[in-house]
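Since the structure comes first, as structure tokens, the remarks are kept for the end.
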């Protein structure tokens, strides 16, 4: 059975030195047979490896990646979190900034990590191709799951397992020895780069008896925040510090879902990895990690022309109690419309967006991701947004590219439209994206070459 899966991998950009360089990579998209949970299937990989190659760079370096598609499936690569300053042609969302790379074809991505440093990750941006054993694992073919889910109109089936760096841990069938182990030296402090590479599930992560200090979110430094547990939505990245300050032993690293949706089926079994102190007895048992209740809403807060038209509305056509009074049942009008409307912004526009969760179908946490820009998260709260009572943080708001809109609540962001091009904003839960939870901004050129998008590259794929 062929599982159409592309592996998500880190892109690490370090602080700039005085020298700026160009880094070349060659990606061959090809299939590989793997076995998990006593199930063997073919997956789509880069260069036959999983995880695929890590892309290293320094701030302001140019990255050139030739992607050759040796599979029968369409493919694009999105460089999640990279702003693509004046290079939206290489952003990667299929049918928005490029047509997919078809079987047997190649395309070269060419962009600069302009004034950015931190942990990013690259992934496929066609269909559900980014589904991976490095997050969630399905034993069935993902394209079949996608097609049947969309045909049914319902929620997708739950994943067969969660994984940590591709290993599900001992709680699943046939996986007692399939455990990721991180060896640590007592009293040393480690930087962990966390990425939720899953398709449809937001996840908690904790290490037994250890504190996690968040120092970076979405490749931006943030005010340090120490906690027992972190939650990442699909597409989100966190850098955390953890100190090996406990007695020598083995400690569980646990991943479990955040059950924000009322009608969604979740995998209840946690993925477990081993946080292993050097010197611990090999037969030692893991000390269990404590995770929040899987539906704990209080645990999830932010610290913090032609084929389209240009008339995306600035506000909903109707206002009502979005959280508790949403029209859900036929013949009530849910205000759902088909269309390809876009919102046009002049270069340099200062924009405030309010994301309002609604009870239409289901209240649920939504990780909203914005291509081409980062934004300040200036506020969030529960219930319906009220401009008269909402409290904003205009002193030290976190700067991010993906924000989890709270269950039955709202989040407020602000950004400057200073990157000309076509930019996708969407929920990073793939089933929601497939259902249409996304829109496109078009940012017009400014003045002069430094504020204008160059023409598309000659080898841009054709549809």
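The values are calculated or read from the model by the stated rules, or taken from the named source; none is laboratory data. For clarity, every value in this text was computed on a predicted model and none was experimentally measured. Glycine also receives a Cβ, built like all others from the backbone with ideal geometry; neighbour counts cover every protein chain displayed.
Using the structure shown, decide if residue 453 is touching a strand residue (DSSP E or B) at 6+ places or on another chain (Cβ under 6 Å) and modelled with pLDDT under 90.
No.
In the stretch 431-446, which residues are modelled with pLDDT of 90 or more and assigned to a loop (DSSP other than H, G, I, E, B)?
444, 445, 446
Conditions first: (1) assigned to a loop (DSSP other than H, G, I, E, B); (2) touching a strand residue (DSSP E or B) at 6+ places or on another chain (Cβ under 6 Å); (3) buried (at least 19 other Cβ atoms within 10 Å of the Cβ). Residue 364 passes all but one, so which condition is the exception?
Only one criterion in (1) assigned to a loop (DSSP other than H, G, I, E, B); (2) touching a strand residue (DSSP E or B) at 6+ places or on another chain (Cβ under 6 Å); (3) buried (at least 19 other Cβ atoms within 10 Å of the Cβ) is unmet by residue 364, namely (2).
Tell me, which residue of the stretch 312-323 that is surrounded by 11 or more Cβ atoms within 10 Å (Cβ to Cβ) and either over 28 Å from residue 218 (Cβ atoms) or outside the structural domain of residue 352 (by TED's automatic domain parsing) (or both) is modelled with the lowest pLDDT?
320
Residue by residue, here is whether (1) within 30 Å of residue 97 (Cα to Cα); (2) over 18 Å from the mean Cα position of the chain (by Cα); (3) buried (at least 21 other Cβ atoms within 10 Å of the Cβ) holds:
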residue	(1), (2), (3)
115	yes, yes, no
131	yes, no, yes
136	yes, no, yes
149	yes, yes, no
154	yes, yes, no
163	no, no, yes
185	no, yes, no
188	no, yes, no
191	no, yes, no
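Considering only residues that are modelled with pLDDT of 90 or more and more than 26 Å from residue 199 (Cα to Cα), which ones fall in the stretch 267-288?
Passing the criteria: 276, 277, 278, 279, 280, 281.
Can you find even one residue in the stretch 289-296 that is modelled with pLDDT of 55 or more, surrounded by fewer than 13 Cβ atoms within 10 Å (Cβ to Cβ), in a loop (DSSP other than H, G, I, E, B) and outside the structural domain of residue 218 (by TED's automatic domain parsing)?
There is no residue in the stretch 289-296 that is modelled with pLDDT of 55 or more, surrounded by fewer than 13 Cβ atoms within 10 Å (Cβ to Cβ), in a loop (DSSP other than H, G, I, E, B) and outside the structural domain of residue 218 (by TED's automatic domain parsing).
Which residue, of 209, 200, is surrounded by fewer than 18 Cβ atoms within 10 Å (Cβ to Cβ) and in a loop (DSSP other than H, G, I, E, B)?
Among 209, 200, only 209 is surrounded by fewer than 18 Cβ atoms within 10 Å (Cβ to Cβ) and in a loop (DSSP other than H, G, I, E, B).
Could you tell me whether the stretch 208-217 includes any residue that is in contact with a helix residue (DSSP H, G or I) (Cβ under 6 Å, 6 or more places away or on another chain), under 24 Å from residue 79 (Cα atoms) and not assigned by TED's automatic domain parsing to the domain that holds residue 366?
No.
Given the residues 369, 373, 426, which is the only one that is in a loop (DSSP other than H, G, I, E, B) and either within 17 Å of the chain's Cα centre (by Cα) or assigned by TED's automatic domain parsing to the domain that holds residue 90 (or both)?
So the residue among 369, 373, 426 that is in a loop (DSSP other than H, G, I, E, B) and either within 17 Å of the chain's Cα centre (by Cα) or assigned by TED's automatic domain parsing to the domain that holds residue 90 (or both) is 373.
Determine if the stretch 447-461 includes at least one residue that is surrounded by fewer than 21 Cβ atoms within 10 Å (Cβ to Cβ) and part of a strand (DSSP E or B).
No: zero hits.
Need a quick list: strands (runs of 3 or more DSSP E) entirely within the stretch 1-101 having at least 1 residues that are at pLDDT 90 or above and surrounded by fewer than 22 Cβ atoms within 10 Å (Cβ to Cβ).
Answer list for the stretch 1-101: 22-36, 39-46, 55-58, 62-69.
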